[in-house]
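Working notes, beginning with the structure itself.
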Amino acid sequence: MEVWNHKSPLLPSDPYQRSQALFWGDYLDKKMYSCGKRIWVGKEDQEEAKEELMQILKTMEGELGDKLYFGGDSIGYVDVALVPFTSWFYTYETCGNFSIEADCPKLIAWAKRCKESESVSKALPDPLEIYGYLLQLKKRLGLN
């Protein structure tokens with residue numbers, strides 16, 4: 001059992017809710033990285049990757065529902081698992097020529113709420129810096 005003496009634990013104390021949070025964290029870990037990479041690499045399966053990413057994000061938007069955060073009224077485990085990817089949204093959209101906000105407005109609103117927290121905003125990299133780095137990486141790897 002984890003020891004976390006804090007007023008805002010990342011994982012719920014209820015075993016079912018806890019298992020749900022761990023499930024969604026694992027889901028994001030297994031899906032987002034590979035899907036995002038296939039978008040910025042820009043090969044023949046980019047369209048398929050964009051559709052897959054949008055399905056993942058729509059699924060997460062459905063899981064968010066009308067809650068402020070995946071953790072309810074405060075940031076929780078699933079929020080912490082997903083929010084770093086929001087810094088990559090600009091890169092995905094630019095490389096793939098699509099809009100996440102058009103199909104997932106609630107998720108974008110959630111991301112903005114998360115970034116209002118100083119601890120979150122200070123921890124996330126700037127989306128334009130990620131994109132700039134990625135352009136350099138693609139050039140070095142010959143992926144232009």
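The values are calculated or read from the model by the stated rules, or taken from the named source; none is laboratory data. A quick note: this is a predicted structure, and the numbers were derived from the prediction, not measured. Counting neighbours? That spans all protein chains shown, and the Cβs are built from the backbone with ideal geometry, glycine included.
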- Note on the structure: Over region 65-86, the set of residues part of a helix (DSSP H, G or I) and either free of Cβ contacts under 8 Å to residues at least 24 places away in the same chain or farther than 14 Å from Gly25 by Cβ (or both) is Thr86
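From Gly36, Gly42, grab the single residue that is of a type in the set (Gly, Ala, Ser) and closer than 25 Å to Ser121 by Cβ.
Exactly one of Gly36, Gly42 is of a type in the set (Gly, Ala, Ser) and closer than 25 Å to Ser121 by Cβ, namely Gly36.
Yes or no: region 50-70 includes at least one residue that is of a type in the set (S, T, N, Q) and at pLDDT 95 or above.
If we filter region 50-70 for residues that are of a type in the set (S, T, N, Q), which is where we start, we get 55, 59.
Right, trim to at pLDDT 95 or above and you get 55, 59.
Scanning region 50-70, I find at least one residue that is of a type in the set (S, T, N, Q) and at pLDDT 95 or above, so the answer is yes.
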- Message: Looking at region 39-49, can you tell me whether even one residue there is modelled with pLDDT of 95 or more, on the phi < 0 side of the Ramachandran plot, assigned to a helix (DSSP H, G or I) and among the aromatic types (Phe, Trp, Tyr)?
- Response: no
- Task: With the condition kept exactly as written, say whether any residue in region 12-19 is outside any helix (DSSP H, G or I), in contact with a strand residue (DSSP E or B) (Cβ under 9 Å, 6 or more places away or on another chain), modelled with pLDDT under 95 and not hydrophobic (A, V, I, L, M, F, W, C).
- Result: yes
- Task: Only one of these is farther than 24 Å from Arg18 by Cα and among the basic types (Lys, Arg): Lys112, Lys58. Name it.
- Result: Lys112
- List the number of the failed condition for Glu44; all other conditions in (1) within 21 Å of Leu10 (Cα to Cα); (2) surrounded by fewer than 19 Cβ atoms within 10 Å (Cβ to Cβ) hold. (1)
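From the set of residues in region 102-142 that are among the small types (Gly, Ala, Ser) and under 17 Å from Leu57 (Cα atoms), which is surrounded by the fewest Cβ atoms within 10 Å (Cβ to Cβ)?
Step one: filter region 102-142 for residues among the small types (Gly, Ala, Ser), giving 102, 109, 111, 117, 119, 121, 123, 132, 142.
Subsequent filtering for residues that are under 17 Å from Leu57 (Cα atoms) retains 102, 109, 111.
Numbers: Ala102: 10, Ala109: 14, Ala111: 21.
Once the filter is applied, the top-ranked residue is Ala102.
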- Taking Asp73 as meeting all but one of (1) within 22 Å of Gln17 (Cβ to Cβ); (2) surrounded by fewer than 18 Cβ atoms within 10 Å (Cβ to Cβ); (3) of a type in the set (Asp, Glu); (4) touching a helix residue (DSSP H, G or I) at 6+ places or on another chain (Cβ under 7 Å), write down the number of the exception. (4)
